Amino acid sequence: MTDAINNHKIMRNRTYFLTTISIIISLLGCSISMMPIKDYADIAVGDSIYNLMSIPRVYGDPKTWSKYVNSNGNCVFAEPVWRNCEIHWAVDNHGTIIGYKLVGSECK
């Protein structure tokens, strides 16, 4: 009987602990700010567009990206970041990001 009571207390304490940890993680996740879009873009220059496309994201899934060729003959991938904001990645023949342009009124 004592073992059953002790096991119940241990399970109850474990549940309280896990609930508390989950709440803390949720609150921290909501309070962490996103990196400014320009900083994100600056960091990506020189990386492979295909590496960038493989990163999981909530908005702007690579399936929704558009692709076109600019006047310099470079391929450009348009990544929707959020509503009214896209990053147009200029990419060389090897798939390396050589530049970008922020397009949209909400790109801050």
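The values are calculated or read from the model by the stated rules, or taken from the named source; none is laboratory data. No experiment lies behind these values; they were computed from the predicted model shown. Here the Cβ positions follow ideal geometry from the backbone for every residue, glycine too, while neighbour counts run over all protein chains shown.
Some points to look at:
- Looking across the stretch 45-62, just one residue is of a type in the set (A, V, I, L, M, F, W, C) and modelled with pLDDT under 75, and that is Val58.
- Remark: Glu86 matches the filter, which requires a residue to be modelled with pLDDT of 85 or more, surrounded by 13 or more Cβ atoms within 10 Å (Cβ to Cβ) and not aromatic (Phe, Trp, Tyr).
- Here the strands (runs of 3 or more DSSP E) wholly within the stretch 58-106 that include at least 1 residues being touching a residue at least 60 places away in the same chain (Cβ under 8 Å) are 97-103.
- Looking only at the stretch 46-83, and only at residues there that are surrounded by 11 or more Cβ atoms within 10 Å (Cβ to Cβ) and hydroxyl-bearing (Ser, Thr, Tyr), the one that is nearest to the chain's Cα centre (by Cα): Tyr59
- Screening the stretch 46-57 for residues that are small (Gly, Ala, Ser) and outside any strand (DSSP E or B) and picking the one that is farthest from Met34 (Cα to Cα) gives Gly46.
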